[in-house]
1. Scan (1) more than 12 Å from chain B (Cβ to nearest Cβ); (2) surrounded by fewer than 19 Cβ atoms within 10 Å (Cβ to Cβ); (3) at pLDDT below 95 for the single condition A:LEU213 breaks and write down its number.
2. All but one of (1) under 28 Å from B:GLN271 (Cα atoms); (2) in contact (Cβ under 8 Å) with a residue 12 or more places away in the chain; (3) not aromatic (Phe, Trp, Tyr) hold for A:LEU249, so report the exception by its number.
3. Could you tell me which residue of the stretch A:13-26 is farthest from A:PRO88 (Cα to Cα), considering only residues that are among the aliphatic types (A, V, I, L, M) and surrounded by 17 or more Cβ atoms within 10 Å (Cβ to Cβ)?
4. Could you tell me which of the residues A:VAL128, A:VAL103, A:VAL135 is under 30 Å from A:GLY202 (Cβ atoms) and β-branched (Val, Ile, Thr)?
5. Quick check, is A:PHE221 farther than 24 Å from B:PRO3 by Cα, among the hydrophobic types (A, V, I, L, M, F, W, C) and modelled with pLDDT of 95 or more?
6. In this structure, is A:PRO218 surrounded by fewer than 23 Cβ atoms within 10 Å (Cβ to Cβ) and within 12 Å of chain B (Cβ to nearest Cβ)?
7. Quick check on the stretch A:194-204. Is at least one of its residues free of Cβ contacts under 8 Å to residues at least 24 places away in the same chain, among the basic types (Lys, Arg), within 12 Å of another protein chain (Cβ to nearest Cβ) and more than 25 Å from A:GLY22 (Cβ to Cβ)?
Number of protein chains: 2
Amino acid sequence: MTPAIRKKLEAFGPNLTPDMLGGTQAMMAEMNNGMHADTKVVRDISYGPDERNRLDIFTQGSPQGAPVFVFVHGGGFVMGDKHTEGSPFYSNMGDFAARHGWVGVTITYRLAPDNRFPSGPDDLMAAVEWLRANVADHGGDPERIVLSGQSAGATHVAGYLAHRREHAEGIAGAVLMSGIYDTMTCEPNQFAEAYYGKDRKGWGPASCMAGLLASEVPIQFSVAEFDPDDFHQQAAQVVEQWTATKHRLPEMQYLSGHNHLSPALSIGSDQREVERMVAGFVGRVTG
Amino acid sequence: MTPAIRKKLEAFGPNLTPDMLGGTQAMMAEMNNGMHADTKVVRDISYGPDERNRLDIFTQGSPQGAPVFVFVHGGGFVMGDKHTEGSPFYSNMGDFAARHGWVGVTITYRLAPDNRFPSGPDDLMAAVEWLRANVADHGGDPERIVLSGQSAGATHVAGYLAHRREHAEGIAGAVLMSGIYDTMTCEPNQFAEAYYGKDRKGWGPASCMAGLLASEVPIQFSVAEFDPDDFHQQAAQVVEQWTATKHRLPEMQYLSGHNHLSPALSIGSDQREVERMVAGFVGRVTG
């Protein structure tokens, strides 16, 4: 990352204020190079009964049995989308996959407070179910699905691995960027309350920590230098409990100069360190 | 890192066997591009009374007030050198600095079992003392010294920061690759015994952990995916105690595909991820 970009991201501060969120998105949209001319998109395929159970599929050429890279957006459980008209996000994640010769998939899911835990893991289950049955028609290999997510999206992917563990068997890998994994220790903010409910005593069963430690799916975690404190605490806890259990570190990537949003938003720009990191992992677990 | 290189490094296994150490060095020497044609070296300047108190200085052109990058080699406290005739290591670290327009310095230090803790911190102190007095004559800025070390070298740099804290004030940054930081929890192997003594009860005061947490010098830690378990445990402990104290993660870089030796040995090859990582940090703390 260039010192100028780092400086701007640092200046927003780590907290998830409207200025930080809007400012980062505007800045990163300007840096984005746009979708590759060869990338084809099929939008809004339904993978479940809800209006929000939709996915977009990105390919280049005519792939055959290619790895499938799925991205799950963030938004504090209560907002966000796979695609916003006029914005490069998060079609940039599908395009990234297509540029690498994989099948890219971006999904959206039911939101809180109307939908509560475990709606995230259940929607992931439905999306994987759909992909296992249909992705071959789009050139993808149902045996080589990699799930990725950012923030609430990472929490939903982690929730799927942890709470739908048998269904997740055979998933090739998971990329978890700046997620919250343990509801027993995370900050009880209004976003978490919208999804897990106001009574904190009910949060215990929603924790992903024990299930993540038990999962056999390879995981690449990352955390950003300018993530809020709570995400740093969660990352430290993953490192501590993983190493205590397995005597080896998890792959916990520390993203210097990045904030909570910028890693996924940097994909498709000339700041290629996150793209290299994720592509390296996907290549490894699907190779 | 390419999948082929990763595969070879993984095949050596994480343990510090002769095959792993020799095999990695031979493989990485072959990948090294050799010293840049414009790099000039002055070798074996004495910075202290012992035969091993020597340093080499690397520059390109005629730097003026440039950052100073110091590398301290590993070797289990009992062996190793800054330069071995016919080998690119560790002149590659000095050359790396010179290529970036900095003044590169590689040092060697007194070895165990003849010399015991705190000989490492004391030799670092003597080297810094010499640099503060003399590096300007070689184009370096004595106010912008970055210390780096690998394995026992990282432990010695950490020991200097932790146990000679006042002397280390004003050091611009430290790059600690695969070090052991807490003598109270590390494996009691024969290398550690040679340096800290056979009686483990005496090891407590040698721990760097508390002093590192108290130091104000910016630190970039790294640990390699194929480092032995003990180095993973130490890294997890740094993450845990640092985050518990400061509520933010340390910069702990996880080096995918690397083993205990390969990060420093990769510098000066076409595998540039470690070079980018270290150069980014040095640029940041001296910029």
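The values are calculated or read from the model by the stated rules, or taken from the named source; none is laboratory data. No experiment lies behind these values; they were computed from the predicted model shown. In this analysis, Cβ positions are derived from the backbone assuming ideal geometry, glycine residues included, and neighbour counts consider all displayed protein chains.
1. So the condition that A:LEU213 fails would be (3).
2. In the conditions (1) under 28 Å from B:GLN271 (Cα atoms); (2) in contact (Cβ under 8 Å) with a residue 12 or more places away in the chain; (3) not aromatic (Phe, Trp, Tyr), A:LEU249 misses (2) alone.
3. Initial filter on the stretch A:13-26 (among the aliphatic types (A, V, I, L, M)): A:16, A:20-21, A:26.
Then drop every residue that is not surrounded by 17 or more Cβ atoms within 10 Å (Cβ to Cβ), which leaves A:16, A:20-21.
On the way: A:LEU16: 21, A:MET20: 18, A:LEU21: 15 Å.
Selected residue: A:LEU16.
4. Among A:VAL128, A:VAL103, A:VAL135, only A:VAL128 is under 30 Å from A:GLY202 (Cβ atoms) and β-branched (Val, Ile, Thr).
5. Spelling it out, it is not the case that A:PHE221 is farther than 24 Å from B:PRO3 by Cα, among the hydrophobic types (A, V, I, L, M, F, W, C) and modelled with pLDDT of 95 or more.
6. yes
7. Within the stretch A:194-204 (the criterion being free of Cβ contacts under 8 Å to residues at least 24 places away in the same chain, among the basic types (Lys, Arg), within 12 Å of another protein chain (Cβ to nearest Cβ) and more than 25 Å from A:GLY22 (Cβ to Cβ)), the answer is no, since none of the residues qualifies.
Quick grid of which residues meet (1) more than 20 Å from B:PHE96 (Cα to Cα); (2) surrounded by 22 or more Cβ atoms within 10 Å (Cβ to Cβ); (3) β-branched (Val, Ile, Thr):
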| residue | (1), (2), (3) |
| --- | --- |
| B:PRO113 | yes, no, no |
| B:PRO118 | yes, no, no |
| B:LEU124 | yes, yes, no |
| B:ARG132 | yes, no, no |
| B:ALA136 | no, no, no |
| B:ASP141 | no, no, no |
| B:ARG144 | no, yes, no |
